[in-house]
Amino acid sequence: MKPGIGIIGTGMVGQMCHLANFAANPACRVVAIADLRSELASSAAQKFGIPRVYGTHRELLSDNDVSAVVVVTKRRATGPIVLDALNSGRHVLSEKPMAYTTAQAASLVEAARRQRLVYSIGYMKRHDAGVARALAELARLRADGSLGRIVGARGWCFGGDTGRSHDNFVMTGETRPDGIELWQDGPDWMPGTMRPGYDNFLNVFSHIINLARYVLGSSPAVAESTIESSGAASVTLDFEGVACTLELANGSEGAWREGLTIEFERGALTIELPPPFAEQEAEVILDQGGQRTRLAREGSWAFRRQAGAFVADIVARGTPLSSGEDSVADIAIAEAIWSRQVSG
């Protein structure tokens, strides 16, 4: 039996990045969607041919045909909905950030562990074919030593145009309803004035932190950090003696620029990431003593590969590339960075 997928949250990202990809996947069935905005849910169901529409996530979780859910909701509402889904015995793929505190994140991981469920976080950049190509190249360079040892790394994210498509989702003029359960938007020690910036930091920059961990090692220490109230930051992570400096800023205009360079003694490997919603993959550039080579691309889309991986993990009960258990580290790093700002 193919897994029955339920989509909770049918806004722009829910439709464009998730619903469209799961609906196109022959290995699963999208059996239901849920959204508090009834007109939007009905319009999305009609566009994508989804048989059942629910007003709340709890109604969707009462549908026995739903074996797994994709949660794409207001960020502060994500945790409570994911917890309900896990406690109901459903596998979960949720958008990032998974939570606002390590305690919240750990509670979700424990619920998934207790129920022996697949719990994946939407760091789709780990599923990018270009990133996979870069990891294979990095493994080769480490093994043959042709560029010497790794001496450092730098990452950047200058948010701008997200590269979204304009023809594969529908929207209505409905107002987002209030009254839903929300988790606290930061640790107890964080002043309320800092929380909007922290929210922006987690939403935009957790991707590059997660990718740096995926490439360089899972548990870096925060060596240095400078944070602005907007969430813009300069951060240095220490990966067992390899320093990775991240320059992070977010704006609404201009091109989206994001990437990661691994510096060797005699060259470098660079991953240039596409805008988050662009249907293209990362570009990989190898610098060997000043000779730059761009590796060939396949033309795939990370969100589509992520959807396929989630379905495959459900069937095989596999461990996701960006599991909930692993992703707790991203929240812990964010907390550590911002706590340094509070402590001075």
Checklist entry - Per the 1.4 Å probe, what fraction of the accessible area of the chain, in percent, lies on carbon and sulfur atoms? => result 48 percent
Next on the checklist: Return the equivalent ellipsoid semi-axes of the stretch 32-97 as a descending list in whole Å, where each equals the square root of 5 times an eigenvalue of the C-alpha gyration tensor.
Outcome noted: 19, 14, 10
Item to check | With 5 Å bins from 0: P(r) over the stretch 190-295, alpha-carbon pairs, percent | outcome: 2, 11, 18, 21, 20, 15, 8, 3, 1, 1
Checklist outcome for this item: In nanometres, the difference between 0.36 nm per residue of separation and the alpha-carbon distance of Glu298 and Lys74 is 77.3 nm
Item to check | GNM result for the chain, Cα springs below 10 Å: residue of Gln184, Gln280, Gln104 fluctuating most strongly | outcome: Gln184
Item to check | Theoretical FRET efficiency, 1/(1+(r/R0)^6), r = Cβ-Cβ of Glu228 and Asn64, R0 41 Å, to 0.05 | outcome: 0.25
Checklist entry - Between Ala27 and Glu272, what length in nm is gained on full extension when 0.36 nm per residue of separation is reduced by their alpha carbon distance? => result 85.1 nm
Checklist outcome for this item: For the chain, the longest principal axis of the Cα atoms and the Cα long axis of helix 38-48 enclose an angle in degrees, to the nearest 10, of 70 degrees
Item to check | Potential extension, Leu182-Thr56 segment - 0.36 nm per residue separation minus Cα distance | outcome: 43.9 nm
Next on the checklist: With +1 on the Cβ of every Lys and Arg and -1 on the Cβ of every Asp and Glu, and nothing else charged, how large is the dipole of the chain about its Cα centre, in debye rounded to the nearest 20?
Outcome noted: 800 debye
Item to check | the chain: calculated mean residue ellipticity at 222 nm from DSSP helix runs of at least 4, using -39500 (n - 2.57) | outcome: -11000 deg cm²/dmol
Next on the checklist: Can I get the semi-axes of the stretch 1-131's equivalent ellipsoid? Compute them from the C-alpha gyration tensor as square roots of 5 times the eigenvalues, in angstrom, largest first.
Outcome noted: 22, 17, 15
Checklist entry - Averaged per residue, what accessible surface does the chain expose to a 1.4 Å probe, in Å²? => result 42 Å²
Item to check | For the stretch 246-344: Kirkwood Rh in Å [reciprocal of mean 1/r, alpha carbons] | outcome: 16.9 Å
Item to check | Area projected by the alpha carbon convex hull of the stretch 136-264, averaged over all directions, nm² | outcome: 11.6 nm²
Next on the checklist: Please compute one quarter of the surface area of the Cα convex hull for the stretch 141-181 and express it in square nanometres.
Outcome noted: 8.2 nm²
Checklist entry - Once the Cα gyration tensor of the stretch 11-69 is found, what semi-axes does its equivalent ellipsoid get, as square roots of 5 times the eigenvalues, in whole Å, sorted largest first? => result 16, 15, 9
Checklist entry - Of Ile180, Ile227, which has the most accessible area and how do the rest follow, probe 1.4 Å? => result Ile180, Ile227
Next on the checklist: Using a 7 Å offset from Cα along Cα-Cβ at Trp156, what residues in the stretch 224-242 end up with backbone N under 18 Å from the label point?
Outcome noted: 226, 232-237
Checklist outcome for this item: Here, Ser146 and Ala312, labelled 7 Å along Cα→Cβ, have an inter-label distance in nm of 2.7 nm
Item to check | Spherically averaged projected area in nm², based on the convex hull that wraps the Cα atoms of the stretch 257-315 | outcome: 5.2 nm²
Next on the checklist: I'd like the distance separating the alpha-carbon centroids of the stretch 180-212 and the stretch 311-332, in whole Å.
Outcome noted: 21 Å
Checklist entry - Computed on alpha carbon atoms, what radius of gyration and Dmax characterise the chain, expressed in Å? => result 20.0, 60
Checklist entry - Can you list the lysines whose alpha carbon is less than 24 Å from that of Lys2, not counting same-chain residues fewer than 8 positions off? => result Lys47
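The values are calculated or read from the model by the stated rules, or taken from the named source; none is laboratory data. Keep in mind that this is a model prediction, so the values were computed, not measured. When we count neighbours, we look across all protein chains shown, and the Cβ atoms used for this are built from the backbone with ideal geometry, even at glycine. Ligands, DNA and RNA are stripped out before the accessible areas are found, and what is left, the full protein with its side chains, is counted by its heavy atoms. Shrake-Rupley method; radii C 1.70, N 1.55, O 1.52, S 1.80 Å.
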